[in-house]
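Worksheet: one structure, shown below.
Coordinate-derived values only; no laboratory data. All values reported here derive from a predicted model rather than from experimental measurement. Positions of Cβ are generated from backbone atoms using ideal geometry, with glycine treated the same way; all protein chains shown enter the neighbour counts.
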Amino acid sequence: MNTSTLIAPPAVVRRAEAQDTHAIQALDSAHFIHPFTDHGDLATRGSRVITRADGIYVWDSEGHQILDAMSGLWCVNAGYGRKELADAAYQQLMTLPFYNSFFQTTNVPAVQLAAKLASLAPQVGDRSFKHVFFSSSGSESNDTNVRMVRRYWDLLGQPERKVIISRHNAYHGSTMAGASLGGMSGMHAQGDLPIPNITHIEQPHHWDNALPGESRADFGLRAAGWLEEKILAIGPEKVAAFIGEPVQGAGGVIIPPETYWPEIQRIVDKYGILLISDEVICAFGRLGHWFAYEKFGYKPDLVTFAKGVTSGYIPLGGVMVGNRVADVLIEQGGEFNHGYTYSGHPVACAVALANLNLMEKEDLPRRVREDTGPYLAQQFEALKAHPLVGDAETCGFVGGLVLIKNKATRAMFDPDLGVGMRCRAHCFKNGLIMRAVGDRMIISPPLIMTREQIDDMMALIRLCLDATWADLQEAGHCA
Ligand code: PXG
């Protein structure tokens with residue numbers, strides 16, 4: 001079916017609002033060093049200038065309306081333009097814009113937010129979450145995890161337990177510890193990473209790593225087994241913790257088989273190792289639950305959060321500290337020499353509280369779990385019929401699809417063709433933001449999206465797949 005007839009062509013609207021794009025681009029390349037960017041290349045092309053946003057759309061300085069299927073950067077869970085969040089920030093800025101939480105001092109929004117987060121975190125078995133440590137980002141929170149895990153084992157008289165095991169193609173941030181915990185080879189290649197005592201196992205990626213004919217269930221068990229092999233190779237008495245994203249986000253929306261996390265739980269329990277769930281992307285309704293460990297049925301000791309806690313309106317991150325760790329820190333005591341100026345920032349915490357209240361009022365996690373998430377899954381399933389799509393899957397409100405050269409043989413395109421980037425270019429041209437990770441196209445839409453808006457997004461996705469397919473056929477690259 002040619003879906004291009006279903007929707008209006010890219011909406012070029014509100015030209016009257018257009019700003020002087022060239023002037024902004026010139027200032028941008030003269031002064032702004034962007035993250036994860038080839039700066040020389042950007043200077044020759046010029047940045048896209050995003051000027052405003054509302055609901056599930058953003059607008060650029062040329063007046064183009066763009067459907068943001070990435071929620072900013074996996075974070076605008078409650079959608080753009082929410083007055084409640086702006087009001088909460090304004091009220092708090094006028095009441096107490098800042099005070100620190102060092103030196104036996106606290107502030108009301110930070111206390112209320114910690115209690116709120118504890119009330120949202122489901123208790124599993126004997127593991128509960130009563131305590132929260134605040135930071136301003138996911139990266140800082142994972143640095144906190146490294147410090148806290150080592151402090152925990154020191155206090156228990158096992159200082160030799162230092163090694164943290166993570167996975168290749170994981171993303172845990174961009175600070176020295178965050179990038180080391182992450183498994184991105186490009187990041188490790190710059191700056192002598194990983195730092196000592198951090199090591200990696202292979203990811204549970206059925207598409208890339210399963211044996212021919214291996215079921216998802218069997219592969220999940222085998223992939224979890226790599227953790228046990230690594231623990232035994234290092235020596236269990238030296239292993240402090242295992243860290244993983246419930247679903248790998250930046251790595252390309254890698255959804256593990258259902259057998260994976262329960263087996264990981266069995267292994268960490270067997271060796272008494274701490275389990276860290278990095279839910280910077282997956283928490284706050286993204287997978288249909290307040291916290292994603294509930295979906296996969298495991299029991300983390302520490303949970304990293306950021307992004308969706310404020311729907312990205314203001315920087316805030318933190319670590320949910322489970323009772324296993326908190327009890328030791330509190331009861332065995334002594335000063336924990338770690339913290340940030342902005343730990344428990346009153347304005348960020350006030351915005352987070354307003355955001356969580358709003359998400360609760362609109363029942364967004366349940367909506368994703370029971371209504372819009374399953375609907376999105378159906379639409380992605382149907383995409384598998386497209387000649388360019390080798391696989392397509394979702395989990396809650398994240399999704400990934402593989403662009404493939406030959407569906408029968410599963411032959412991939414030559415990476416030099418940059419097929420994912422070609423598809424991404426068609427998305428931009430047609431008013432859609434979708435990310436490319438190699439030849440995997442990924443989405444993480446705002447949780448407020450309705451079924452009708454999912455239809456609009458899917459029509460755009462099909463339009464862009466069709467355009468990419470037509471390009472590749474014309475150039476003789478298709479099988
Ligand atoms: N953990 C996870 C699981 C993340 O996804 C971080 C930690 C670090 O958070 P901060 O707030 O320090 O950025 C993240 C961040 C991408 C992309 O290209 C993903 C992230 C950040 C930047 C780019 O998909 N995730």
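Residue-by-condition table, conditions (1) within 26 Å of Gly431 (Cα to Cα); (2) within 26 Å of the chain's Cα centre (by Cα); (3) surrounded by 15 or more Cβ atoms within 10 Å (Cβ to Cβ):
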{"residue": "Thr37", "(1), (2), (3)": "yes, yes, no"}
{"residue": "Ser61", "(1), (2), (3)": "yes, no, yes"}
{"residue": "Ala78", "(1), (2), (3)": "yes, yes, yes"}
{"residue": "Ala86", "(1), (2), (3)": "no, yes, no"}
{"residue": "Leu113", "(1), (2), (3)": "no, yes, yes"}
{"residue": "Leu117", "(1), (2), (3)": "no, yes, yes"}
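Between a residue in the range 102-115 that is farther than 13 Å from Leu353 by Cα and any residue that is among the polar types (S, T, N, Q) and not in a helix (DSSP H, G or I), which pairs come within a Cβ distance under 7 Å, given they are 6 or more apart or on different chains?
From the range 102-115, the pairs are Asn107/Ser101.
Please work out if Asp466 is over 25 Å from Pro365 (Cβ atoms), in contact (Cβ under 8 Å) with a residue 12 or more places away in the chain and part of a strand (DSSP E or B).
no
Identify all residues within the range 155-178 that are assigned to a helix (DSSP H, G or I) and within 15 Å of Asn142 (Cα to Cα); write none if there are none.
Met176, Ala177, Gly178
Looking only at the range 106-165, count how many residues are in contact with a strand residue (DSSP E or B) (Cβ under 9 Å, 6 or more places away or on another chain) and acidic (Asp, Glu).
2
Just to check your reading of the model, which residue among Asp192, Asp208 is under 26 Å from the mean Cα position of the chain (by Cα), free of Cβ contacts under 8 Å to residues at least 40 places away in the same chain and farther than 15 Å from Gln248 by Cβ?
Asp192
What about Ala121, is it surrounded by 14 or more Cβ atoms within 10 Å (Cβ to Cβ) and of a type in the set (A, V, I, L, M, F, W, C)?
So Ala121 fits the description; yes.
Does Leu316 qualify as being among the aliphatic types (A, V, I, L, M) and either within 13 Å of the ligand (Cβ to nearest atom) or closer than 26 Å to Ala170 by Cα (or both)?
yes
Among residues belonging to the range 283-313 that are over 21 Å from Ala69 (Cβ atoms) and within 10 Å of the ligand (Cβ to nearest atom), point out the one that is surrounded by the fewest Cβ atoms within 10 Å (Cβ to Cβ).
Taking the candidates together, the pick is Phe305.
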